[in-house]
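Novice: I have a structure here, written as structure tokens, and I will follow up with some questions on it.
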Amino acid sequence: MVMRTRTSIEAEEHIALKRNRLVLEQARAVGLLGEAKNTRLSGRVSAGLVEAAKKRAHVSSDTELLELALSRLALEDDFGARLVRRKGSVPADIDLAI
């Protein structure tokens, strides 16, 4: 088992909170988040899943978790799919100057 120091845990939390703030700011900037919270979302999921996600995201409420998760999903780019589609598009004999 890997033992993490208090400093590494604090650094991880700092990074997660900064990432969360940036995601929410970006979602707000493109109009996905605003003043009105006018939709209720409901569903049944494992309590363990919710707690693990909250711990990983460093959030405490279900609402924070849902808002963050939905913002991340809505803002997610398609980099992986675009990269795979480019397979074979660069000539094998190209000089990469490496």
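The values are calculated or read from the model by the stated rules, or taken from the named source; none is laboratory data. The shown structure was predicted, so the numbers you read here are calculated from the model rather than taken from an experiment. Don't worry about glycine lacking a Cβ; one is built from the backbone with ideal geometry, like all the others, and counts go over all protein chains shown.
Novice: Of the residues that sit in the range 27-59 and are over 20 Å from Ala11 (Cα atoms) and of a type in the set (Val, Ile, Thr), which one is surrounded by the fewest Cβ atoms within 10 Å (Cβ to Cβ)?
Specialist: Thr39
Novice: Give just the number: which of (1) within 30 Å of Ile9 (Cβ to Cβ); (2) modelled with pLDDT of 90 or more does Asp77 not satisfy?
Specialist: Failed condition: (2).
Novice: Say we look at the range 13-53 and pick out the residues that are part of a helix (DSSP H, G or I) and in contact (Cβ under 8 Å) with a residue 24 or more places away in the chain; which of these is farthest from the chain's Cα centre (by Cα)?
Specialist: Glu13
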